[in-house]
Each structure stands twice: as C-alpha cells, then as structure tokens.
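What follows is one structure encoded as structure tokens, with my remarks underneath.
The values are calculated or read from the model by the stated rules, or taken from the named source; none is laboratory data. Bear in mind that the values here come from a model prediction, so they are computed numbers and not experimental data. Virtual Cβ from ideal backbone geometry, glycine too; neighbours counted across all protein chains shown. Calculation scope for accessible area: heavy atoms of the full protein, side chains included, ligands and nucleic acids excluded. Shrake-Rupley method; radii C 1.70, N 1.55, O 1.52, S 1.80 Å.
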Amino acid sequence: DLPSAKALSRREEVHAARFISEQLNSSTIHAVAINSLLQGLILRRAVLLADLATLGRRLDGLYIYLDTPFLLSLLGLHGNLACDASHESCKVLRGLGATPAAFDVTIDEVRRLLTVYENRLDTALGRASLDFTPLTQYFFATKATGAEVRARSALLEVQLSKESVPIHPTPT
C-alpha cells in the first residue's frame with residue numbers, strides 16, 4: 001500500500017530506508033536514478049535551510065565544481081532521470097547565486113572515458129570488455145556507435161556552455 005500524505009510512521013520510515021538502501025546497493029539503473037534524486041534532495045535541503053536564509057546573503061560568487069559522475073549525468077549520459085536530477089540541482093544552485101563549473105582536468109577525464117567507449121562499442125569483444133556502469137547501460141540502451149560517442153566527446157564544451165557550466169583551469 002502507498003503511504004498517505006501524512007507523515008510516515010517509524011515502521012514505514014524503516015521500510016522505506018531499507019528499500020532505498022537495497023536499491024542503492026544493487027547494480028540496476030534504479031540505483032543510479034535513486035542516487036541522483038537523493039543527491040538533489042540532499043543538496044536542496046542543505047542550501048535551503050532556514051538558518052541559511054537568516055544569513056542575509058546569498059551564495060553569490062561561489063563556484064561549485066562538478067565531478068565526473070555529475071557531469072556525465074548533466075550531459076544525459078546516465079539516462080533521463082539522472083539528467084533531470086542534475087539539471088534541477090544546478091537550477092537550485094543558480095537560484096541561490098552559486099555557479100556550477102568544471103575543471104579542465106575533469107573534462108579531460110570525461111573525454112578519456114568516452115574514448116574507451118568509442119574504441120570498444122563497435123565490436124562484440126569490445127562491448128563484452130566494458131564494466132557494467134551507468135555509462136555502459138546508457139550506451140547499450142541507445143545502441144550508440146563509436147562514431148556517435150566521438151561526436152559527443154567533440155561537443156563536450158559546447159554542451160556544457162549550453163548548460164551554463166564554465167570550464168576553468170585547474171589551480172596549481
């Protein structure tokens with residue numbers, strides 16, 4: 001039975017927590033979606049706390065540097081649910097005055113990951129050698145070819161620019 005809109009009982013909370021924990025520990029696409037949604041909810045709760053509002057200032061001028069899994073989600077390479085959660089997280093950050101950004105080394109890492117898929121997706125042996133990750137699941141589900149992955153890699157900076165995510169050099 002679905003719980004009502006009222007607060008959950010302690011027993012229902014335990015069951016919900018157990019379900020989420022089991023899903024996160026499995027290697028299903030649901031784990032990626034739930035993890036992304038939880039990250040967005042945690043971020044939303046963290047930046048919208050009542051005591052933050054009483055500071056009298058926003059997060060203007062603050063850069064939040066995104067890691068590789070988040071960028072892959074934002075670029076839509078972990079599926080639609082993860083992409084939507086990443087977009088919402090960035091929207092919340094921008095609404096508070098912060099700027100989501102990426103370091104150039106992170107972009108290089110994303111490009112190296114995509115090169116692996118570019119080189120392996122076109123052969124059965126190459127596909128079999130790939131680890132079962134959200135990125136692999138995405139490329140298998142979309143029946144992507146090496147050429148399509150190469151095109152995505154070439155357009156990384158353009159896509160991030162459309163998402164208003166600046167790329168900065170890594171500090172020394």
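Among the chymotrypsin sites (Phe, Trp or Tyr not before Pro) found in the stretch 91-172, those both in a DSSP coil and sparsely packed, with 16 or fewer other Cβ atoms within 10 Å of their Cβ, are Phe132. Residues whose amide H comes within less than 5 Å of that of Tyr63, counting only those at least five positions distant or on another chain, are Thr99 (H built at 1.01 Å from N in the peptide plane). The accessible area of Asp84, taken with all protein chains in place and a 1.4 Å probe, comes to roughly 90 Å². Annotation: amide H of Asp122 within the under-5 Å range of Gly146, sequence separation 5 or more or interchain, hydrogens built in the peptide plane. Report the Stokes-Einstein translational diffusion coefficient (µm² s⁻¹, integer) for the stretch 103-172, Rh taken as the Kirkwood radius over Cα pairs, at 25 °C with viscosity 0.890 mPa s. Answer, rounded: 189 µm²/s.
Element breakdown for the stretch 119-166 at a 1.4 angstrom probe: carbon and sulfur atoms account for 57% of the accessible area. Amide hydrogen proximity for Phe103: with H placed 1.01 Å from N in the peptide plane, the residues at 5 or more positions away or on another chain lying under 5 Å are Leu66, His168. Tell me the trypsin sites (Lys or Arg not before Pro) within the stretch 67-172 that lie in a loop according to DSSP and have at most 16 other beta-carbon atoms within 10 Å. Counting only loop positions with at most 16 other Cβ atoms within 10 Å, the trypsin sites (Lys or Arg not before Pro) in the stretch 67-172 are Lys143. Enclosing the Cα atoms of the stretch 66-137 in their convex hull gives a volume equal to 74 cubic angstrom per residue. The residues of the stretch 94-162 have, on average, 55 Å² of accessible surface per residue, using a 1.4 Å probe with all protein chains present.
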